[in-house]
Amino acid sequence: MPITPIKRRHPEDGGYARGEETRARIIATALRVFGEEGFNQASTRQIATDAGVNPPALQYYFGSKEGLHRACAQFIIDRVMVMVAPALQAAREINSSTPAARAIDALCALLDSMADGLVAAGSESWSRFITRGKADGAGPAMGMLRQNIGMPIMLTVAQLIAVVTGADPGDQVIRIKAAAILGQLTTFLTNRESTMEALNWPDFNAQRLQIIKTVVREHTRAILAAGAHGERVHEAVSSRSKGSGKAGNT
């Protein structure tokens, strides 16, 4: 699924570098303010003041508050996709004729690349921005993030699980497994502060990141190895569907 680019405006007087620096500073400030206040409560005047620019600069670069919110989302999308792109591309090359072990390795590599986002520069503000956006449900950013990060990765993970299990990637149980596997990391990525508090960690460092990767890999392999349980889930879903059909006919 293609990334939706955001059109950028730049100074026309040769100040391209200055314009890029100003734009980046505004986005960094907006990520923090939107993360703290939410889309509806965030003040563009506050963002401009904290970024050290005049309020008209926000309109010049982004057009509106919604445009700035979209630019924040695009900033996250660009950086996340750079981190996961190699692993995501490799995962997309897996097909039904690929050995299951290779598909599992590709899935684990994709999860590793997502985990690397925990220690990426600026990831704290991304996490707050996304967490607040999900809680508020306001502004255009969350839809962009789902379309350009969440859904492409979710569909790829479902395809990998389907290769391993021999099931249809569109099957609801396969999608649930994909969501469960990704959920291992999203709790760290989008509930960063509460998760760190629960673990009594002051921050994420290389050692802690490796622990997370190891646990996620172990859990993922265990989920995919539970073929017998997966069959029982399918049988249970099928039985309920048949039961519902009989009840509806009485």
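If you check Asp203 against the conditions, is it of a type in the set (Asp, Glu) and either under 24 Å from Leu68 (Cβ atoms) or touching a residue at least 12 places away in the same chain (Cβ under 8 Å) (or both)? Spell out the reasoning first.
Values: of a type in the set (Asp, Glu): yes; either under 24 Å from Leu68 (Cβ atoms) or touching a residue at least 12 places away in the same chain (Cβ under 8 Å) (or both): no.
Here the answer is no, as Asp203 does not meet what is asked.
Of all residues in the stretch 1-53, those being surrounded by 12 or more Cβ atoms within 10 Å (Cβ to Cβ), modelled with pLDDT of 75 or more and of a type outside the set (Lys, Arg) number 28. Picking from Leu145, Leu68, Leu111, which residue would you name as being surrounded by 20 or more Cβ atoms within 10 Å (Cβ to Cβ) and under 21 Å from Thr195 (Cα atoms)? Of Leu145, Leu68, Leu111, the one residue that is surrounded by 20 or more Cβ atoms within 10 Å (Cβ to Cβ) and under 21 Å from Thr195 (Cα atoms) is Leu111. Only a single criterion out of (1) under 30 Å from Lys65 (Cα atoms); (2) in a helix (DSSP H, G or I); (3) not aliphatic (A, V, I, L, M) is not satisfied by Gly139, namely (2).
Which of the residues belonging to the stretch 72-108 are buried (at least 20 other Cβ atoms within 10 Å of the Cβ), β-branched (Val, Ile, Thr) and farther than 14 Å from Arg217 by Cβ? Residues satisfying the conditions are Ile76, Ile77, Val80, Val84, Ile94.
Applying the set (1) under 19 Å from Val216 (Cα atoms); (2) under 12 Å from the mean Cα position of the chain (by Cα); (3) surrounded by fewer than 15 Cβ atoms within 10 Å (Cβ to Cβ); (4) not basic (Lys, Arg) to Ser194 leaves exactly one unmet item: (2).
Summed over the stretch 95-113, residues that are out of contact with any Ser or Thr (no Cβ under 9 Å at 6 or more places or on another chain) and of a type outside the set (Lys, Arg) total 11. Filtering Arg79, Arg132, Arg128, Arg102 for residues that are without any contact (Cβ under 8 Å) to a residue 12 or more places away in the chain and either in a helix (DSSP H, G or I) or under 17 Å from Gly183 (Cβ atoms) (or both) leaves a single hit, Arg102.
The values are calculated or read from the model by the stated rules, or taken from the named source; none is laboratory data. Note that the structure is a prediction, hence the values are computed from the model and not measured. Cβ: placed from backbone, ideal geometry, glycine included. Neighbour counts: every protein chain shown.
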